[in-house]
Amino acid sequence: MQRRIKVLKDQLSLAREAAVEFTDLALKAVAERGVFTVALSGGSTPKVMYSLLADDIEFSSRLPWDRMHFFWGDERYVPLDSPESNFRMVHEALLSKVPVPVENVHRVKTELGPAADVAEDYQRVLEAFFAKERNGIPRFDLVLLGMGPDGHTASLFPGTSALAETERLVVANWVEKFQTYRITITLPVINNAAHVMFIVGGPDKAEMLSKVIGNQAESTAFPSQLVQPHDGELIWLVDRDAAKLLIDGQ
Ligand code: 6PG
């Protein structure tokens, strides 16, 4: 695994750098293979990045929209039009504004019924799309991730059953503290990606970031530390507030 860490001065620079990395990876994948596949995350900083991709001509004019396929790394178990919906957020910030063919948007269909059925359906979506992959596990060009102050990433929360998953690509993960299911891709999928990019900003993330990046001794204590792409690159984009304890500790 290769690892890169970049510290940006504030949240806007963080979102802009994420948009630059996203665009570079998309152009490279399309030049090499004609297609770019990305698993998107929810969260506040990615939202700013999605808006930049759509609204800033530096990005929107260069991105090969018809060759890009959008998936979700995790989704809240709520209706499509809920303010909580990650699909709705990405649709409003990005997809509704750019010429992406509708068949390139692969959302989690929370309206299908019980959470387990929704996860099963999304697993089939991934299997069908990535049918040609060698080991049966999708290899995304890019998996975008955020990190919570508790060390969760995607909807892999500390102490939840999804963390132990080794077979399934997608699960319905019960999250006790929210008393709800979340639909999430699993670690085997995340760790099979060509590039995994964390986007982490804000002072409330500083303590966890110093544990996750700085403290290898506790290397499997938090879900974010289990993200270790075995044949890919791990990119951490963080702002100064989040990196405060790392910088001070150096
Ligand atoms: C979600 C996410 C989740 C998120 C983190 C960080 O659906 O909420 O995918 O894992 O990335 O909670 O969120 P922020 O970037 O908003 O702090």
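The values are calculated or read from the model by the stated rules, or taken from the named source; none is laboratory data. As the structure is a computational prediction, the values presented were derived from the model and not from experiment. Ideal geometry is used to build each Cβ from the backbone, glycine not excepted, and the neighbour counts take in all protein chains shown. Quick note on the areas: whole protein, heavy atoms, side chains included, nothing else; ligands and nucleic acids left out. Shrake-Rupley method; radii C 1.70, N 1.55, O 1.52, S 1.80 Å.
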Using the Karplus equation 6.51 cos²θ - 1.76 cosθ + 1.60 (θ = phi - 60°), what ³J(HN,Hα) coupling, rounded to whole Hz, does each residue of region 81-88 give in order, writing x for Gly and Pro?
9, 6, x, 7, 5, 5, 4, 4
Value of [θ]222 nm, deg cm²/dmol, for the chain, DSSP H segments ≥ 4, -39500 (n - 2.57) each, nearest 500:
-9500 deg cm²/dmol
Convex hull of the chain built on C-alpha atoms - directionally averaged projected area, nm²:
12.6
Of all DSSP beta bridges located in the chain, what percent are antiparallel, nearest 5?
30
Rg and Dmax [Cα atoms of region 117-218; Å; Rg one decimal, Dmax integer]
14.6, 42
Just to confirm, what accessible area per residue do you get for region 145-250 at 1.4 Å probe, in whole Å²?
40
Would you work out what percent of the accessible area of region 85-233, with all protein chains in place, is carbon or sulfur (probe 1.4 Å)?
52
Please grab the % of Cα pairs in region 1-100 that end up more than 22 Å from each other.
30
Taking the alpha-carbon centre of each part, the distance from region 173-245 to region 11-57 in Å is 18
Treating only Lys and Arg (+1) and Asp and Glu (-1) as charged, each at its beta carbon, one finds that region 103-189 has a dipole about its Cα centre, in Debye to the nearest 20, of 140
Over the alpha carbons of region 52-105, what is the largest minus smallest coordinate on each principal axis, giving the biggest first in Å?
34, 21, 16
So how many Lys-Lys pairs in the chain land under 22 Å Cα to Cα, not counting same-chain pairs under 8 apart?
18
